[in-house]
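Asker: This is the structure I have questions about; it appears just below.
The values are calculated or read from the model by the stated rules, or taken from the named source; none is laboratory data. In this text the structure is predicted, and so the values were computed from the model without any measurement. Positions of Cβ are backbone-derived with ideal geometry, glycine not excepted, and every protein chain shown enters the neighbour counts. Only protein heavy atoms, including side chains, enter the accessible area calculation; ligands, DNA and RNA are left aside. Shrake-Rupley method; radii C 1.70, N 1.55, O 1.52, S 1.80 Å.
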Amino acid sequence: MSGPTTVIFSADPFLTLMSAAAITAALRVAEAHDAAAVLRAEQRDDRQQQQRLQSASQKTGELQLQQRRLAAEQDFAHLMSLAETIGYAAQVGASRPLAPVSNSQQGLEQDMEQDTEQDTEQASEQATALYVHSLQAWSEQLRPVLLAEAARRADALAHNKEADLRTASAAVVPQALVARLMARIAHFAEIPEQIAALARELEQSLPGVRASSLATELRVQIQALLDADLQRQVQQANAVILQQSLKELGYQVEEIANTLFVDGGVVHFRRPGWDNYMVRMRINPLTKNANFNVIRAVAEGENERSVRDHLAEDRWCSEFPALLKALEARGLQMQVTRRLGAGELPVQLVDARKLPEFKDEQQRAARSQPITKKLP
């Protein structure tokens, strides 16, 4: 049995970012797929006209789709090369969207309803389009993660060429050295003035001891900036992973801000049918701790205890391991540092007006209203 529970989040930063990127890409593909399905349904009534238009532009459309597929696969191959450089080729390769089967194989696997050649070709084209869209979306989300990781590892990747920055910088024109170092943070929208000023000073120096010292300081500050940005990205990724994992487990989740793990705060979630009970998760950004506890929404001034409080805590206790497992599967691990037994502390009573309203609560409230009709 479990009452309030405290955990510490830990994860491989790169795998966390990659997991969050995969979630975002999948959601975007799903949204586009749903929109396309709605459009197809709207056009179904005019199918004959649609077929004539498709027939007229079929060859052009197929050629364009194949060109998009080739470009998407080449782009992903480039990202795979970058992933191999930083040691994550296996993880990135395993995440690649599956290519559709060939037309001949697909023709053998069509459903009974798709027994015409046109239906088979249309299904094949739709499968290819979905694959291309998925690959493009995944590459779009993956690219900044890989580039940022490569920038953070620049020193290690260039170790054989620049084992000693002081020695190397003595033989390098400062302007070229500045360009190479600043390239690591070229993706930043704004460069801190302290770093920009240091880069300008180095750029105006002559090769030698002074330039070596400035280059070392510039490298240290750039690395610190990259490390701080990594922490920010990871905390935002944690929010994405947490929200999607809770939703996939069947919980209704209050919208989670991507700054939750950065600035701290609370988020509430529950299952439909939990009545006025929900789980509150509170983040402490300083200690990196998260505290989970069951709460009950009450009317203003209500403070009566209920025997159901204990049952609500037991219910959450039985479900908590599933959340731990789901998060771990996405690279986000939670180490439990404190777990109280159900009933050791009373369930917190919270004014319902200060809590989010979930869909089934609104529906239940609507059903409780008397049905009225206007008299003729």
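Asker: Could you please find all residues in the range 208-227 being under 17 Å from MET182 (Cβ atoms) and open to solvent by 40 Å² or more (accessible area, probe 1.4 Å)?
Answerer: GLU217, ARG219, VAL220, ALA224, ASP227
Asker: Just checking, does the range 150-172 include any residue being open to solvent by 80 Å² or more (accessible area, probe 1.4 Å), of a type in the set (Gly, Ala, Ser) and at pLDDT below 90?
Answerer: Scanning the range 150-172, I find at least one residue that is open to solvent by 80 Å² or more (accessible area, probe 1.4 Å), of a type in the set (Gly, Ala, Ser) and at pLDDT below 90, so the answer is yes.
Asker: Need pairs with beta-carbon distance below 7 Å; first residue of a type in the set (Asp, Glu) and within the range 202-213, second surrounded by fewer than 14 Cβ atoms within 10 Å (Cβ to Cβ); sequence gap 6+ or separate chains.
Answerer: These pairs meet every condition: GLU203/GLN175.
Asker: Moving on to the next point. Are any of the residues in the range 297-305 open to solvent by less than 50 Å² (accessible area, probe 1.4 Å) and modelled with pLDDT of 90 or more? Quick ask: steps written out before the conclusion?
Answerer: Looking only at the range 297-305, we keep the residues that are open to solvent by less than 50 Å² (accessible area, probe 1.4 Å), and these are 297-298.
Next cut, modelled with pLDDT of 90 or more only: 297-298.
The answer is yes, given that some residue of the range 297-305 is open to solvent by less than 50 Å² (accessible area, probe 1.4 Å) and modelled with pLDDT of 90 or more.
Asker: May I pose another question? I'd like to check something: does the range 306-323 contain any residue that is closer than 22 Å to THR24 by Cβ, surrounded by 14 or more Cβ atoms within 10 Å (Cβ to Cβ), of a type in the set (A, V, I, L, M) and free of Cβ contacts under 8 Å to residues at least 24 places away in the same chain? Working first, answer last.
Answerer: Step one: of the range 306-323, the residues closer than 22 Å to THR24 by Cβ are 323.
If we keep only those that are surrounded by 14 or more Cβ atoms within 10 Å (Cβ to Cβ) as well, we get 323.
Filter once more, keeping what is of a type in the set (A, V, I, L, M): 323.
Still in the list and also free of Cβ contacts under 8 Å to residues at least 24 places away in the same chain: none.
Checking the range 306-323: not a single residue is closer than 22 Å to THR24 by Cβ, surrounded by 14 or more Cβ atoms within 10 Å (Cβ to Cβ), of a type in the set (A, V, I, L, M) and free of Cβ contacts under 8 Å to residues at least 24 places away in the same chain.
Asker: Now, a different point. Within the range 178-295, considering only helices (runs of 4 or more DSSP H) that don't extend past its boundaries, which have at least 3 residues that are under 30 Å from MET18 (Cα atoms)?
Answerer: Details: elements: 193-203, 209-248, 260-263.
Those helices (runs of 4 or more DSSP H) span 209-248, 260-263.
Asker: Here's a follow-up. Before we move on, is GLN252 among the polar types (S, T, N, Q), open to solvent by 20 Å² or more (accessible area, probe 1.4 Å) and in contact with a Pro (Cβ under 7 Å, 6 or more places away or on another chain)? Write out each step before concluding.
Answerer: Working: among the polar types (S, T, N, Q): yes; open to solvent by 20 Å² or more (accessible area, probe 1.4 Å): yes; in contact with a Pro (Cβ under 7 Å, 6 or more places away or on another chain): yes.
In short, yes.
Asker: Is at least one residue of the range 30-37 modelled with pLDDT of 60 or more and buried (at least 20 other Cβ atoms within 10 Å of the Cβ)?
Answerer: Filtering the range 30-37 down to residues modelled with pLDDT of 60 or more leaves 30-37.
The next check asks that each one be buried (at least 20 other Cβ atoms within 10 Å of the Cβ); those that pass are none.
Scanning the range 30-37 turns up no residue that is modelled with pLDDT of 60 or more and buried (at least 20 other Cβ atoms within 10 Å of the Cβ).
Asker: When the residues of the range 324-351 are narrowed to those that are open to solvent by 50 Å² or more (accessible area, probe 1.4 Å) and in a helix (DSSP H, G or I), which ends up farthest from VAL267 (Cα to Cα)?
Answerer: ALA329
Asker: Scan the range 325-342 residue by residue and report those that are touching a residue at least 12 places away in the same chain (Cβ under 8 Å) and of a type outside the set (D, E, K, R).
Answerer: From the range 325-342, those touching a residue at least 12 places away in the same chain (Cβ under 8 Å) are 326-327, 330-342; that's our starting set.
Answer for the range 325-342, where residues must be touching a residue at least 12 places away in the same chain (Cβ under 8 Å) and of a type outside the set (D, E, K, R): ALA326, LEU327, GLY331, LEU332, GLN333, MET334, GLN335, VAL336, THR337, LEU340, GLY341, ALA342.
Asker: Considering only the range 115-132, I want to know if a residue exists there that is among the acidic types (Asp, Glu) and modelled with pLDDT of 90 or more. Show your work before the answer.
Answerer: Going residue by residue through the range 115-132, those that are among the acidic types (Asp, Glu) are 115, 117, 119, 121, 125.
Filter once more, keeping what is modelled with pLDDT of 90 or more: none.
No, the conditions are met nowhere in the range 115-132.
Asker: So which residues in the range 358-376 are modelled with pLDDT of 65 or more and either surrounded by 13 or more Cβ atoms within 10 Å (Cβ to Cβ) or closer than 14 Å to PRO4 by Cα (or both), if there are any at all? Spell out how you get there, then give the answer.
Answerer: Just the residues of the range 358-376 that are modelled with pLDDT of 65 or more, to begin with: 358-359.
Once the filter is applied, which keeps residues that are modelled with pLDDT of 65 or more and either surrounded by 13 or more Cβ atoms within 10 Å (Cβ to Cβ) or closer than 14 Å to PRO4 by Cα (or both), the range 358-376 yields only PHE358.
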